[in-house]
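The block underneath contains the structure these notes are about, expressed in structure tokens.
The values are calculated or read from the model by the stated rules, or taken from the named source; none is laboratory data. Because the structure is predicted, anything quoted here is derived from the model rather than measured. Here the Cβ positions follow ideal geometry from the backbone for every residue, glycine too, while neighbour counts run over all protein chains shown. These area figures cover heavy atoms from the full protein model, side chains too; ligands, DNA and RNA do not enter into them. Shrake-Rupley method; radii C 1.70, N 1.55, O 1.52, S 1.80 Å.
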Amino acid sequence: MNKIVVAGAGGFIGGHLTRALKSIGHQVRAVDIKPLTKWYQLTPGVDNLVLDLKTRENCFQALNGYEQVFNLAADMGGMGFIETHKADCMLSVLINTHLLMAARDLGIHRYFYASSACVYNAEKQTDPNNPGLKETDAYPALAEDGYGWEKLFSERMCRHFYEDYGLATRIARFHNVYGPFGTYDGGREKAPAAICRKVIESELYDKNEIIIWGDGNQTRSFMFIDDCIKGILDIMYSNIEEPINLGSAEMVSINRLVDYVEEIAGYKLARKYDPDAPKGVRGRNSDNSLIKKYLGWEPSIPLKDGLKKTYDWIKEEMIKNRGKDPKQVVFNEM
Ligand code: NAD
């Protein structure tokens, strides 16, 4: 049993990770800036703290008495959010900086940092038939403006805390993660959840149309949350000292993603395209050679299977919260 802090535990991935760590017997402290009623999951037996981890004092309070840290806290969202909140995204550098300083000073043994495929050079993502981004494609650096540069800088800070202070840091570059208990509305949602929500809205509110950002031919790969959690744990407890891709290699266009969701829903919608909406890069996929070499494994849950579980959860939530002001929606009654 280890004493583990999960930063960003009120969010999508942090909520699932907290549950997984507790279920295998660890002592877990969960920390997030959001009020507890807004955390996607609350796991029984976990020490929950509501703290803003941008400040140094709060990071010391969060880590005091603990041994390991998973840092998943960041001010982030899908393309609609990161293209319009670059400064907010960059301010997450304060979270990782102060957590690393507290980890070093409090003798933390191991530290995981959640990086992103947004660190990759934009010039290597202009073709929708992207062959897969290798870890070396982050340099020469031309990351996603704002969010991606913050991730790249924070990756390097983790590396130097290892080299200079001996803090064992592990870094995974997530490629789009999706699943139940995550954001599906409000402006921070990512493509799979947004498309599920739009299709369900059509059913609940009798609309027959879906608006797709861009021409829908842009490509991405999407990793189901269960693969993400397995990958995080395997990378954390491995000897992998360099940033490594954690993503699915099943690349699809956004149009194909909509096809899949329509198949799950059992009906088709008229498609309207919004060329002025945020689109991100043209093509992105994960090259999994390195993770296969190190772990003999790669994320492999088929997109269709994961989407069905995600769709069912979002539909249940939308039916439950129909007609409510989003501010009044509560995930956990305290
Ligand atoms: P999320 O937004 O659901 O979770 C992030 C959590 O961090 C939120 O609950 C938020 O309240 C919390 N947070 C933000 N600022 C904070 C602060 N100052 N102090 C304490 N907590 C704070 O996002 P997620 O999808 O769970 O992502 C987790 C991590 O993975 C993030 O670092 C994100 O950048 C990274 N990532 C996610 C994806 C993805 O597809 N979901 C892809 C690449 C990287």
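Charge tally for D47 (other residues, Cβ to Cβ under 13 Å; Lys, Arg +1; Asp, Glu -1): +2.
Accessible surface of F181, taken over heavy atoms with a 1.4 Å probe and every protein chain present, rounds to 70 Å².
Only Cα pairs under 8 Å and at least 6 apart count here; give the relative contact order of segment 76-177 as a rounded whole percent. Rounded, it is 40 percent for segment 76-177.
Run the dipole for segment 103-171 about the Cα centre, Lys and Arg Cβ at +1, Asp and Glu Cβ at -1, nothing else charged, and hand back the magnitude in debye, nearest 20.
Details: 8 positive and 11 negative charges, 63 e Å.
For segment 103-171, the charge dipole is close to 300 debye.
Exposure check, 1.4 Å probe, all protein chains in place: R256 carries approximately 110 Å² of accessible surface. Per residue of the chain, the DSSP helices (runs of n ≥ 4 H) give a summed -39500 (n - 2.57) that works out to -11500 deg cm²/dmol at 222 nm.
Our Cα-only numbers for segment 225-334 put the radius of gyration and Dmax at 18.2, 50 Å. The modelled label-to-label distance for the pair E57/D145, using points 7 Å beyond Cα in the direction of Cβ, is 3.7 nm. Karplus-derived 3J(HN,Hα) values for segment 46-53, using 6.51 cos²θ - 1.76 cosθ + 1.60 with θ = phi - 60°, are 9, 8, 8, 10, 9, 9, 8, 7 Hz; glycine and proline are entered as x.
Bridges between two residues of segment 126-271, per DSSP, are antiparallel at a rate of about 30%. Along the axis of the charge dipole computed for the chain (Cβ charges of +1 for Lys and Arg, -1 for Asp and Glu, origin at the Cα centre), the listed residues T97, L72, G45 are led at the positive end by G45. Taking amide H atoms as placed 1.01 Å from N in the peptide plane, the amide H of I301 lies under 5 Å from those of F224, each 5 or more residues away in sequence or on another chain. Amide H to amide H distances under 5 Å link L167 with Y162, where only residues 5 or more positions off or on other chains count and H is placed in the peptide plane. Would you look at the GNM of the chain, springs on alpha carbons closer than 10 Å, and say which of Y273, Y311, Y205 moves the most? Taking springs between Cα atoms under 10 Å, the residue moving most is Y205. Among V31, V69, V50, the residue with the largest mean-square fluctuation in a Gaussian network model of the chain, with springs joining Cα atoms closer than 10 Å, is V50.
Once every Cα of the chain carries one equal point scatterer and solvent is ignored, give the base-10 log of I(q)/I(0) from the Debye formula at q = 0.06, 0.09, 0.12 Å⁻¹, two decimals. Rounded to two decimals, the profile gives -0.20, -0.45, -0.83. Our note on the geometry: Cα centres of segment 108-169 and segment 5-68, 24 Å apart. By a 1.4 Å probe calculation restricted to protein chains, M76 has an accessible surface near 60 Å², given to the nearest 10. Taking amide hydrogens as placed 1.01 Å from N in the peptide plane, the amide H of E67 sits under 5 Å from those of K3, I4, V5, each at least 5 positions away in sequence or on another chain.
Taking other residues whose beta carbon is less than 12 angstrom from the beta carbon of V69, and scoring Lys, Arg as +1 and Asp, Glu as -1, yields +4. Quick one: among A168, A277, A138, which has the greatest mean-square fluctuation in a GNM of the chain with alpha-carbon springs under 10 angstrom? Ranking A168, A277, A138 by mean-square fluctuation puts A277 first.
Using the Cβ atoms and a cut-off under 11 Å, what net charge is assigned to the surroundings of V281, where Lys and Arg are +1 and Asp and Glu are -1? Don't jump to the answer; show the numbers that get you there.
Numbers: positive: K124, R220, K279, R282, R284; negative: E123, D127, E144.
Once all neighbours under 11 Å are counted, the net charge is +2.
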